[in-house]
Amino acid sequence: MEILGGAGEAVSDLKQLFSLAEKFGYAEWIEFDASIFCGLAYYTGIVFETDQVDVRIKAVNLVGKLFALPKQQVAQHYHDLFLEFLKRFSNKSVEVRVSALQCVKAFYMASPSGTESHEVISKL
């Protein structure tokens, strides 16, 4: 059964995100909920939202691991998501900030000369 139908870049991006999450065993951490978009008409990309620190840490670790996949260039293909991920360095939770730093370390080690490496360093 196909949950997401239709064509379009946003649906395609969501399908790919769910596919990658399934492939790497993180599908149980992701849920699509269109109801959170009320009043968020200015968002044009994927929105992640939660007040639970443990869920935010899991999300940071999931996305961080995807960005650190060698030779996949996930950060280049999903650059807006990558920039949003870098904002986790200023998250209100210390645990989330530490998780983001650990993920960025893995990302940087996998691609120290990649085009996004400069962005990582500038956000630190």
Exceeding the 26 Å Cα-Cα cut-off - candidates Lys58/Lys92; Lys58/Lys123; Lys92/Lys123; Lys23/Lys123 = Lys23/Lys123
key: Net lengthening on full extension, Lys71/Phe24 (0.36 nm per residue, minus Cα-Cα)   = 15.4 nm
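We did not get these values from a lab; they are worked out from the coordinates using the rules stated. Computed from a predicted model, the values in this text were never measured in an experiment.
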